[in-house]
1. Kindly evaluate residue 289 against the criterion of being buried (at least 24 other Cβ atoms within 10 Å of the Cβ) and at positive phi.
2. Within the range 142-158, work out how many residues are within 17 Å of residue 280 (Cα to Cα) and not in a helix (DSSP H, G or I).
3. Just to check your reading of the model, which residue among 325, 342 is free of Cβ contacts under 8 Å to residues at least 24 places away in the same chain, in contact with a helix residue (DSSP H, G or I) (Cβ under 6 Å, 6 or more places away or on another chain) and over 19 Å from residue 149 (Cβ atoms)?
4. Scan the range 211-224 and tell me whether some residue there is in a helix (DSSP H, G or I) and either out of contact with any strand residue (DSSP E or B) (no Cβ under 9 Å at 6 or more places or on another chain) or not assigned by TED's automatic domain parsing to the domain that holds residue 343 (or both).
5. May I ask you to list the residues in the range 249-263 that are modelled with pLDDT of 95 or more and surrounded by 24 or more Cβ atoms within 10 Å (Cβ to Cβ)?
6. Could you check how many residues of the range 345-370 are loosely packed, with under 14 Cβ neighbours inside 10 Å, under 25 Å from the mean Cα position of the chain (by Cα) and more than 18 Å from residue 246 (Cβ to Cβ)?
7. Restricting to the range 301-325, give me the number of residues that are assigned to a helix (DSSP H, G or I) and under 15 Å from the mean Cα position of the chain (by Cα).
8. If a residue has to be exposed (fewer than 14 other Cβ atoms within 10 Å of the Cβ) and touching a strand residue (DSSP E or B) at 6+ places or on another chain (Cβ under 7 Å) to count, how many in the range 35-57 make the cut?
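The values are calculated or read from the model by the stated rules, or taken from the named source; none is laboratory data. None of these values were measured; they are calculated from a predicted model. Cβ placement follows ideal geometry from the backbone for every residue including glycine, while neighbour counts extend to all protein chains displayed.
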């Protein structure tokens, strides 16, 4: 096997600061946009953020058409509805206002309206064909209203494939928004549980990208155009990951416990963007891979602070429930990186041997989940041992991220990790 010798760092342009939303009209006009599809979380259509953004578009003479049928944790069905709207609307630009679900929906709408194809054409293999995006998309500007996904910086759009009850996605650098407008004011009304879940997603983005399989241990692509967006840990991505983890360790609990703590919420949305740059290059690993069937196979669980019209395990919660077992499993394969991760989030790693690296990080992460009041394992969100085979079947499809684990995992390995995740403390 010829090993990789090259890595790339691709990132969206970022505009950060209090009040930055007011400049979105100028930014879209500078990108040449005249008719924009505004993809917005339905819970935000009457929000101050939406009003400011739409007023800014009007002031610059940009025609704005609002699409507010976004589903939290989108599905292929909700993506297709947005794609149909985008195709019919003949827009020359897109604006996403919301969390990762909204931004990912806008990415999909932009992609398929620009390059129409069968829905599975661009979806990651082995679920879809994994065909590379043919070229550039129409300009997309993203205004995140949560501090977690980092979707404003990445070329990934995640969704539930309804017929399989499992998450998959589309991954290509062309999907990256042309600009992310990161305005801390826009997270002020985020409910407590949502702050915790999205903040934990920041943590896992940072920790997973920092401890991922190093880029130069991956197989080299046969053509530069086939180099994946997620390439493995590299020196530049790791700098971003360390910084994001440091910020999260300092501010996540504060941001969760006090919605009026503007400093903490500002720092967490900054950490989200920083982590996005890191994992947008390095990728994520087993906690995210395990999270996709955990979310996709949800039964009746409904998280506080989220829409109650359908069962839902928030993405950051799903990632976190499997993370301790995954860290324990992966730790022995790259103890130096796992010790660095633990030290970065404040764990005393003195007198700790390499064999304990994964366990140390797992224990620290479990204590954080407990402090934030998350459910105590998979059993607390409705799963039992009888569901493990289906969960394993779902994770085996997630090659895009599971192949970035520093330690390869078999079906039996995943089975043991899901069983260990039934109860965390």
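1. No.
2. Here the count works out to 11.
3. Criteria check complete, one pass: 342.
4. Within the range 211-224, one or more residues are in a helix (DSSP H, G or I) and either out of contact with any strand residue (DSSP E or B) (no Cβ under 9 Å at 6 or more places or on another chain) or not assigned by TED's automatic domain parsing to the domain that holds residue 343 (or both).
5. 252
6. Going through the range 345-370 one residue at a time, the tally reaches 1.
7. 7
8. Count: 1.
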